[in-house]
1. Do the conditions hold for ARG2, that is, is it in contact with a strand residue (DSSP E or B) (Cβ under 7 Å, 6 or more places away or on another chain) and at pLDDT below 90?
2. On the given criteria, is GLN60 of a type outside the set (Ser, Thr, Tyr), over 15 Å from LYS156 (Cβ atoms) and in the same structural domain as GLU171 (by TED's automatic domain parsing)?
3. Taking into account only those residues within the range 153-168 that are crowded, with 24+ Cβ neighbours inside 10 Å and either among the small types (Gly, Ala, Ser) or part of a loop (DSSP other than H, G, I, E, B) (or both), which is modelled with the lowest pLDDT?
4. Restricting to the range 134-152, count the residues that are small (Gly, Ala, Ser) and modelled with pLDDT of 70 or more.
5. Search the range 94-112 for residues that are in contact (Cβ under 8 Å) with a residue 12 or more places away in the chain and under 12 Å from ASP191 (Cβ atoms) and pair each with any residue that is outside any helix (DSSP H, G or I) and of a type in the set (S, T, N, Q) when their beta-carbon atoms are under 9 Å apart and the residues are at least 6 apart or on different chains.
6. May I ask you to list the residues in the range 81-100 that are surrounded by fewer than 21 Cβ atoms within 10 Å (Cβ to Cβ) and not β-branched (Val, Ile, Thr)?
7. Could you go through the range 47-56 and let me know if any residue there is in a loop (DSSP other than H, G, I, E, B) and out of contact with any strand residue (DSSP E or B) (no Cβ under 8 Å at 6 or more places or on another chain).
8. Taking the range 17-42, which residues are of a type in the set (S, T, N, Q) and buried (at least 21 other Cβ atoms within 10 Å of the Cβ)?
Amino acid sequence: MRLSAVVPVLDEEPTLDELHRRLKAALASLAADHEIIFVNDGSRDGSLERLRAIASKDPQVVVVDLRRHSGKAAALAAGFAEAKGRVLVTIDSDLQDVPEEIPNLVARIEEGADFVTGRKRSRRDPWTRRLASRIFNGVVSLLAGTRVRDVNSGLKAMTREVAAELPLHGEMHRFLPVFAAARGFRVVEVDVAHEPRRHGRSRYGWSRYVAGFLDSATVLLLTRYGTRPLHLFGCFGLLVALAGGAVLTYLGVGWLFGQWIGNRPLLVFGVLCVLLGIQCVFFGLLAELVVVAGRRRETAPVREVIRGKRGA
């Protein structure tokens, strides 16, 4: 099978018939051999019944019904586990992402990209969401060192190999391009259209963005320091300890020349910096032990193995 579309669904009954029709047209233009996997993530409206009706009329539709609401990352993981395609496409079910853009993403996969993510040309959301999204994308790009300008786009395409290596837990679905790039895959961003929400309401409030900023620290650890935590904690600890040592040296010189330093707040600050620095270094060492004990062998991101031909 060539193409699999994975669609997480949460209380989107009014959009499902049109979404199915437009997805079918977009995928059929690329490959007759395709499938659409709807993952019902604990919907409380009539989404599941509507999906059952769609599947009863279309043999290329698969419906995965989760026992409870588990979040978008878990829904994507369930869809990826069921998918049989060589190329996997993800799209949200609210019809703000345009299914007709899928051929553009798949074309970049055919050109050699491993992971393609959509960037909304003109985002049709309130200005508050646009502002929060711009700040969030800027912070993630700065921390992770990627050039992706729309990290949390719902419209993505990837090879099966990429999907197998992506961490899908918690809220990590927001950072899939970052993880793909960190594993050495070629990540490409493509401008796509975006439509206003016609049914229901958005589930992305400010609390989601606050959680996203907190998760950015996890992404930094996993992508840059996941196998060498001492480099992060140790460097920070050494800088803090050196700053505390400089303060104590300054006070020590003054004490030698007869200054009374016992009641100076700077003394407490210097001692605290030294202690904090030492603790950070030891914390980094402990983290290194945990990393080493938790893996048998580090897996390198191998793209392919080329063997010489015998008899050449």
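The values are calculated or read from the model by the stated rules, or taken from the named source; none is laboratory data. This one's a predicted model, so the numbers in the text were calculated from it and none came from an experiment. Cβ sites come from the backbone with ideal geometry, for glycine too, and all protein chains shown count toward neighbours.
1. Working: in contact with a strand residue (DSSP E or B) (Cβ under 7 Å, 6 or more places away or on another chain): yes; at pLDDT below 90: yes.
Judged against the criteria, ARG2 is a match.
2. Values: of a type outside the set (Ser, Thr, Tyr): yes; over 15 Å from LYS156 (Cβ atoms): yes; in the same structural domain as GLU171 (by TED's automatic domain parsing): yes.
It is true that GLN60 is of a type outside the set (Ser, Thr, Tyr), over 15 Å from LYS156 (Cβ atoms) and in the same structural domain as GLU171 (by TED's automatic domain parsing).
3. Ranking the candidates gives SER153 first.
4. Taking the range 134-152 as the starting set, the residues that turn out to be small (Gly, Ala, Ser) are 138, 141, 144-145.
So of that shortlist, the ones also modelled with pLDDT of 70 or more come out as 138, 141.
Count: 2.
5. These pairs meet every condition: LEU105/THR117.
6. As a first pass, look at the range 81-100 and keep what is surrounded by fewer than 21 Cβ atoms within 10 Å (Cβ to Cβ): 81-82, 84, 86, 92, 95, 98, 100.
ALA81, GLU82, LYS84, ARG86, ASP92, LEU95, GLU100 - these are the residues of the range 81-100 that are surrounded by fewer than 21 Cβ atoms within 10 Å (Cβ to Cβ) and not β-branched (Val, Ile, Thr).
7. Going residue by residue through the range 47-56, those that are in a loop (DSSP other than H, G, I, E, B) are none.
Looking through the range 47-56, none of the residues is in a loop (DSSP other than H, G, I, E, B) and out of contact with any strand residue (DSSP E or B) (no Cβ under 8 Å at 6 or more places or on another chain).
8. From the range 17-42, those of a type in the set (S, T, N, Q) are 29, 40; that's our starting set.
If the condition is that a residue be of a type in the set (S, T, N, Q) and buried (at least 21 other Cβ atoms within 10 Å of the Cβ), then ASN40 is the only one that fits.
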